[in-house]
1. Please state which of the following conditions A:Asp46 fails to meet, knowing it meets all the rest: (1) farther than 21 Å from A:Asn205 by Cα; (2) touching a residue at least 12 places away in the same chain (Cβ under 8 Å); (3) surrounded by 19 or more Cβ atoms within 10 Å (Cβ to Cβ).
2. Would it be correct to say that A:Arg136 is basic (Lys, Arg) and touching a residue at least 60 places away in the same chain (Cβ under 8 Å)?
3. Do any residues in region A:69-86 that are among the small types (Gly, Ala, Ser) have Cβ atoms under 6 Å from those of residues that are assigned to a strand (DSSP E or B), where the two are at least six apart or on different chains, and which pairs are they?
4. Out of the helices (runs of 4 or more DSSP H) lying entirely within region A:1-79, which hold 2 or more residues that are charged (D, E, K, R), within 15 Å of A:Glu98 (Cβ to Cβ) and away from chain B (no Cβ under 14 Å)?
5. Among the residues of region A:94-137, count how many are more than 17 Å from A:Ile77 (Cα to Cα), outside any strand (DSSP E or B) and of a type in the set (Gly, Ala, Ser).
6. Restricting the search to region A:1-10, which residues are crowded, with 19+ Cβ neighbours inside 10 Å and more than 11 Å from the chain's Cα centre (by Cα)?
7. Looking at region A:11-37 only, could you name the residues that are under 15 Å from the mean Cα position of the chain (by Cα) and under 14 Å from A:Phe234 (Cα atoms)?
Number of protein chains: 2
Amino acid sequence: MLFDPHVHTEGLGLSDLKKMRECGITHICDLYFYPIKPLFPQTLIDGFRKLREFEKFRCSLADLKMIPAVGIHPRSIPPDYATVLNFLGSNDWDAFGEIGLEIASKEEIDVFEKQLKLAMEKDVPCIIHTPGKNKREITIKTLEILDKLNFPEELAVIDHVNFENLDLVAKRGFWIGLTVQEGKLTKEEAVGIVEEIGEVKCILNSDAGFGNNVLTTVAETAKLLGDKAKKVCFENAKKFLRV
Amino acid sequence: MLFDPHVHTEGLGLSDLKKMRECGITHICDLYFYPIKPLFPQTLIDGFRKLREFEKFRCSLADLKMIPAVGIHPRSIPPDYATVLNFLGSNDWDAFGEIGLEIASKEEIDVFEKQLKLAMEKDVPCIIHTPGKNKREITIKTLEILDKLNFPEELAVIDHVNFENLDLVAKRGFWIGLTVQEGKLTKEEAVGIVEEIGEVKCILNSDAGFGNNVLTTVAETAKLLGDKAKKVCFENAKKFLRV
């Protein structure tokens with residue numbers, strides 16, 4: 001049993017979902033992301049409904065247990081985003097994600113902080129994106145915001161961690177998300193990080209979705225991890241997401 | 001070169017798109033459909049933008065020339081659909097689809113008629129759905145509406161035609177859409193229909209999308225069609241969609 005806790009099924013076909021299942025993935029966390037800048041907050045509200053209803057159904061056709069994560073991604077902040085925040089505040093959720101900062105604009109920081117506050121009120125686990133560009137600088141800003149809010153460490157995974165920001169995150173108590181795909185981490189790099197910092201806080205994922213055909217990277221890396229795979233490719237995600 | 005003029009790429013992964021290209025599909029028409037009942041008209045407006053911008057880009061990654069078709073599907077009519085119709089009326093489009101009737105409710109008829117009127121004003125080709133249930137009865141109703149509006153025959157394909165409604169459509173001048181997939185037509189049935197009524201008006205498609213892994217049915221049927229494939233699997237769709 002393997003858990004891939006960072007997937008965007010809205011970019012995947014049913015054949016892709018079946019391929020994930022065939023390579024040993026049994027559980028996924030499915031993160032909301034709208035791939036263009038939306039003009040309306042309503043688009044996200046319907047999108048969250050689609051994720052929880054339709055995408056969950058599609059995953060069930062592939063025998064995948066799917067945990068939906070919703071929220072405003074920093075690259076798809078709509079105008080009048082307070083409408084989305086109100087909707088998030090007035091319903092119950094399994095997880096928020098991906099949320100976080102891309103360039104740390106004033107708007108992004110406001111959206112991120114308000115979602116973190118909702119997560120604390122509602123006790124909802126958060127999958128927190130770190131960007132490809134200026135990763136170290138943005139991770140520092142992200143951690144400052146989490147500290148300012150006194151955000152519970154067990155309630156957040158700092159995701160897409162690589163050698164640029166590993167030292168910042170390794171000394172903290174947050175979960176550490178390691179994304180194995182081209183342009184992020186190779187399998188060998190992910191294994192190296194787990195061996196360096198231990199398996200207690202590490203969570204492996206693929207970030208499979210719209211453009212990336214990386215459906216099997218968690219399963220492939222699990223083989224290299226040996227005994228450590230149990231925690232890093234299943235139990236840690238299960239505990240973090242309370243499955 | 002093959003043209004599959006009824007695809008929903010929003011249910012397909014990039015690997016699926018590449019598979020279509022590999023089997024010989026060079027052109028697709030990508031039809032808008034929201035797979036749950038939307039709560040807001042704005043969701044469709046952003047959805048049309050996503051189709052024209054992001055899905056077109058994804059198709060280009062697979063070297064597929066993609067024609068976007070937008071509109072309100074009878075199973076995804078939002079509240080306040082006039083907002084969507086106004087948006088359709090105030091922009092230019094390559095095609096409308098899928099539009100049509102599912103159960104022929106008063107609301108569906110109103111939405112369908114208003115989109116047909118826009119198509120006539122703007123000279124936009126329409127891909128017109130016929131449902132799985134009560135196909136004959138709903139096709140009769142559909143043709144009555146088209147006749148009432150004096151809708152130009154070259155501007156519409158009546159889609160998902162099978163043995164239940166073939167006689168109604170064969171005697172008319174509209175394009176005839178033949179969908180080859182499980183539960184619709186087999187390859188052999190599609191070939192039989194083309195042989196019976198001639199290749200002049202027939203257009204083959206797969207309706208590949210959210211649940212159906214039928215990426216190659218147009219290519220497979222083209223092989224069985226021999227010389228007739230040129231029109232039925234490419235030239236007719238090209239002419240109808242003015243590519």
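1. Going through (1) farther than 21 Å from A:Asn205 by Cα; (2) touching a residue at least 12 places away in the same chain (Cβ under 8 Å); (3) surrounded by 19 or more Cβ atoms within 10 Å (Cβ to Cβ) one by one, A:Asp46 breaks only (2).
2. Values: basic (Lys, Arg): yes; touching a residue at least 60 places away in the same chain (Cβ under 8 Å): no.
Criteria not met by A:Arg136.
3. A:Ala69/A:Cys29; A:Ala69/A:Leu31; A:Ala69/A:Ala95; A:Ala69/A:Gly97; A:Ala69/A:Ile127; A:Gly71/A:Phe96; A:Gly71/A:Gly97; A:Gly71/A:Ile99
4. On the way: elements: A:14-22, A:41-50, A:56-61.
In region A:1-79, no matching helices (runs of 4 or more DSSP H) lie anywhere.
5. Count: 2.
6. Initially, region A:1-10 is screened for residues crowded, with 19+ Cβ neighbours inside 10 Å, giving A:2-10.
Hits for region A:1-10 are A:Leu2, A:Phe3, A:Thr9, A:Glu10.
7. Selection gives A:His27, A:Ile28, A:Cys29.
This table checks each residue for (1) out of contact with any helix residue (DSSP H, G or I) (no Cβ under 6 Å at 6 or more places or on another chain); (2) within 23 Å of B:Leu17 (Cβ to Cβ); (3) β-branched (Val, Ile, Thr).
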residue: A:Asn162; (1), (2), (3): yes, no, no
residue: A:Asn165; (1), (2), (3): no, no, no
residue: A:Lys171; (1), (2), (3): yes, no, no
residue: A:Ile176; (1), (2), (3): no, no, yes
residue: A:Ala190; (1), (2), (3): no, no, no
residue: A:Glu195; (1), (2), (3): yes, no, no
residue: A:Cys202; (1), (2), (3): no, no, no
residue: A:Thr217; (1), (2), (3): yes, yes, yes
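The values are calculated or read from the model by the stated rules, or taken from the named source; none is laboratory data. All figures in this text were calculated on a predicted structure; none of them were measured in a lab. All Cβ positions, glycine included, derive from the backbone under ideal geometry; neighbour counts span all protein chains shown.
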